Amino acid sequence: MEHENINTFKSLVNNVGRFNLSNKTVLFPEMNRIGCNLLAATFRGFDINAMVMETHKGIDLGLEYSSGKECYPCQVTLGDILYFLKKEMERMGNDFNPDDYIYFMPEADGPCRFGMYNKYQRIVLDSFPQLENLKIGSLSTEDGYSLHGIVAEDVVADLRKVTYFSIIVADILDRLLWRIRPYERQRGMADEFIEKAMRNMADAFETRGPKRDFKGILKRLEEAIKEGKMIMDPNIPPKPLIGIVGEIYLRSHVHSNQDLIKTLERYGAEVVNASIAEWVNYITYSKLKEAKSKFMLNIKQFRPDRIIRYLKDIARFSSELFYQEWRQKQVYRFAKTLIDIPNDHKVAHLEEILREEDLFSFDVGTEACLSISGILQYAREGYNGVVNVYPFTCMPSTATSAVIGPVMNGLGVPYLDTPYDSSIQPYREAAIRTFMYQAHQHMERNGRKRHGFA
Ligand code: SF4
């Protein structure tokens with residue numbers, strides 16, 4: 001691919017934003033493998049040609065076209081899209097048309113750098129004249145990841161509901177994997193099983209999603225859980241329970257975190273990672289909080305038009321949050337009749353913990369709100385250790401580390417920070433090994449939490 005220096009930024013406005021997805025190939029970068037594949041399958045069910053790009057194979061391209069100051073997930077995803085396009089151009093030759101694709105890169109409205117990924121990646125794409133017309137589709141936390149404007153209005157509500165359902169089911173499949181893999185009868189069985197289960201569930205979402213056949217999807221989930229349970233060897237005694245928090249991409253993308261969960265398992269852990277739904281619920285929760293505070297402010301200032309506007313926002317985000325939490329509870333209750341996996345955290349409860357401990361405030365925003373409170377919740381529940389995983393220089397995670405380190409020392413619960421970039425650092429594995437030694441000791445002294453059935 002040839003590239004040139006660019007001298008205009010107009011494409012940040014014209015080529016990044018909300019675009020109609022019909023008749024386009026929608027390209028999702030892979031973050032959490034199961035979740036992204038179920039999401040793409042859900043979109044396909046609604047006649048949107050969506051696919052998940054191969055990941056991490058283009059990391060050299062990502063590093064070549066960035067300066068090193070960007071957040072690591074920005075470099076990895078940049079590599080994914082450049083690698084995909086390079087291969088696609090080789091495959092299609094003269095038939096390649098950048099107009100046929102929409103690369104999907106959501107954003108957040110601050111205060112950290114996630115809002116800049118798609119702008120930065122736009123600038124890089126624009127430096128290749130043959131890629132100028134490739135659009136970057138973006139949803140934002142600003143409007144709670146609204147789907148309006150990207151699909152036909154009559155399917156927005158259904159697509160949103162099924163998409164959220166796919167996020168919950170993917171979280172459950174992840175939890176199933178982390179529950180069974182440390183106790184598998186033969187090495188490799190759990191990984192092999194989960195790939196098959198993921199493909200099966202993707203098929204269920206593609207065929208049953210558009211009909212909103214949630215019962216049919218749950219039936220497939222039930223089959224998967226029953227099959228997965230058979231992999232566990234009941235003679236293996238319980239292992240120390242480790243909770244993971246941190247930056248959403250790094251903790252979910254196994255290539256970027258150098259397969260942290262498996263490394264912990266190698267040293268004798270059973271691991272629970274923070275879920276993806278927790279982040280989605282947190283966004284809705286924050287938008288509701290914001291709407292409430294703006295509503296109160298405008299009542300004080302007596303601005304009737306704004307009062308009505310924020311009242312509508314309150315109604316919208318309240319009903320979305322209610323639906324999400326109700327649905328999440330329903331699916332977890334169903335799964336927990338079959339296997340003892342942990343429940344997810346409720347966002348309002350996490351905020352309560354922060355208030356009680358007076359350590360941080362939801363008003364600051366970012367993932368630090370979830371990580372600090374999530375760590376404390378793990379400690380309260382009797383986990384034997386907690387790991388905070390994040391990209392090197394990540395702002396919210398560095399704040400988390402600064403706030404929580406002394407607290408965990410005081411509580412006597414093993415705690416480990418694991419920052420990652422593209423480098424392999426030998427001391428990291430030594431740190432994990434030492435941390436797991438402490439976690440084993442913690443379990444000997446205090447026992448460990450059992451997840452329990454519904
Ligand atoms: S959360 Fe961390 S890694 Fe993600 S954009 Fe913000 S600073 Fe970067």
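The values are calculated or read from the model by the stated rules, or taken from the named source; none is laboratory data. Note that the coordinates shown come from a computational prediction; the quantities given were computed from them, not determined experimentally. All Cβ positions, glycine included, derive from the backbone under ideal geometry; neighbour counts span all protein chains shown.
Key figures
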{"read-out": "Among the candidates R91, R44, residue that is in a helix (DSSP H, G or I), free of Cβ contacts under 8 Å to residues at least 12 places away in the same chain, among the basic types (K, R) and surrounded by fewer than 22 Cβ atoms within 10 Å (Cβ to Cβ)", "value": "R91"}
{"read-out": "Which listed residue, of S286, S319, is over 24 Å from I34 (Cβ atoms), touching a residue at least 24 places away in the same chain (Cβ under 8 Å) and out of contact with any Cys (no Cβ under 6 Å at 6 or more places or on another chain)", "value": "S286"}
{"read-out": "Total residues in the stretch 138-195, condition under 21 Å from L27 (Cα atoms) and in contact with a strand residue (DSSP E or B) (Cβ under 7 Å, 6 or more places away or on another chain)", "value": "5"}
{"read-out": "Tabulated pairs, the stretch 362-383, first on the phi > 0 side of the Ramachandran plot, second away from the ligand (no atom under 16 Å from the Cβ), C-beta under 7 angstrom, 6+ apart or interchain", "value": "G382/N446; G382/R448; G382/K449"}
{"read-out": "Lone unmet requirement of (1) farther than 29 Å from Y267 by Cα; (2) more than 22 Å from the chain's Cα centre (by Cα); (3) surrounded by fewer than 13 Cβ atoms within 10 Å (Cβ to Cβ) for T207", "value": "(3)"}
{"read-out": "Pair list, Cβ under 6 Å, 6 or more apart: the stretch 171-185 residue in contact (Cβ under 8 Å) with a residue 24 or more places away in the chain, other residue among the basic types (K, R)", "value": "P182/K239"}
{"read-out": "Per-region count, the stretch 100-119, residues in contact (Cβ under 8 Å) with a residue 40 or more places away in the chain and either more than 11 Å from the ligand (Cβ to nearest atom) or at positive phi (or both)", "value": "9"}
{"read-out": "Residue in the stretch 20-32 that is of a type in the set (G, A, S) and either surrounded by 17 or more Cβ atoms within 10 Å (Cβ to Cβ) or modelled with pLDDT of 95 or more (or both) present", "value": "no"}
{"read-out": "Which numbered condition L159 misses (of (1) outside any helix (DSSP H, G or I); (2) more than 16 Å from the ligand (Cβ to nearest atom))", "value": "(1)"}
{"read-out": "Selection from the stretch 232-266 of residues that are buried (at least 20 other Cβ atoms within 10 Å of the Cβ) and part of a loop (DSSP other than H, G, I, E, B)", "value": "K239, P240, E247, H253, S256, N257"}
{"read-out": "Helices (runs of 4 or more DSSP H) within the stretch 297-403 that include 2 or more residues touching a helix residue (DSSP H, G or I) at 6+ places or on another chain (Cβ under 9 Å), within 16 Å of the ligand (Cβ to nearest atom) and hydrophobic (A, V, I, L, M, F, W, C)", "value": "368-381"}
{"read-out": "Total residues in the stretch 55-64, condition surrounded by fewer than 21 Cβ atoms within 10 Å (Cβ to Cβ) and within 17 Å of the chain's Cα centre (by Cα)", "value": "1"}
